[in-house]
């Protein structure tokens, strides 16, 4: 099975200084991905750093993530899924955050399990497989 890692999972690993490879022991045969918006969120944290030391540390973490996990970019199929999801959730009054809706659309389009700590936001999306690490 393939997995998309949410930014909140990566940020927690970075803050706890826990190598992510420890978490995935026994799951090495699974494909793990990050999403282009997750990359932007991580880089946003780098640019918001309050000191050069923190910025350097965060950037090293982000670069390591980018080196080890393939980044999925937006494509037409995901845009179509996102538009439908956005329309449906809006009409039901259940809209989720804009970045989160793109993450969901990516998972649904590519048949990925979403690994996140934000299960409350995502568990209400039909068809989305969510796993909390």
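The numbers here are math on the coordinates, done by the rules we state, and not lab data. A quick note: this is a predicted structure, and the numbers were derived from the prediction, not measured. Counting neighbours? That spans all protein chains shown, and the Cβs are built from the backbone with ideal geometry, glycine included.
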Review point. So what's the angle, to the nearest 10 degrees on a 0 to 90 scale, between helix 76-91 and the longest Cα principal axis of the chain?
Key: 70
Point to revise | Span from the region 48-66 Cα centroid across to the region 1-42 one, whole angstrom | key: 16
Review point. In region 2-131, if every C-alpha pair distance is counted and binned at 10 Å from zero, what percent goes to each bin?
Key: 12, 42, 32, 13, 1
Revision key, fill the gap. Plugging the Cβ-Cβ distance of residue 123 and residue 68 into 1/(1 + (r/R0)^6) at R0 = 22 Å yields, to the nearest 0.05, a FRET efficiency of 0.20
Point to revise | Linear extension gain, residue 1 paired with residue 28, 0.36 nm per residue minus alpha-carbon span | key: 8.7 nm
Exercise for review: Please determine, in degrees from 0 to 90 and to the nearest 10, the orientation of helix 7-16 with respect to the longest principal axis defined by the Cα atoms of the chain, where the helix direction is its Cα long axis.
Suggested key: 20
Check your understanding: Over all distinct Cα pairs, what is the inverse of the mean 1/r for region 66-133, reported as the Kirkwood hydrodynamic radius in Å?
Key -> 12.5
Review point. What is the helix-to-structure angle for 36-47, meaning the angle in degrees between its Cα long axis and the longest Cα principal axis of the chain, kept from 0 to 90 and rounded to the nearest 10?
Key: 40
Exercise for review: Working from the alpha-carbon coordinates of region 1-45, get Rg over Rh, Rh being the Kirkwood radius.
Suggested key: 0.98
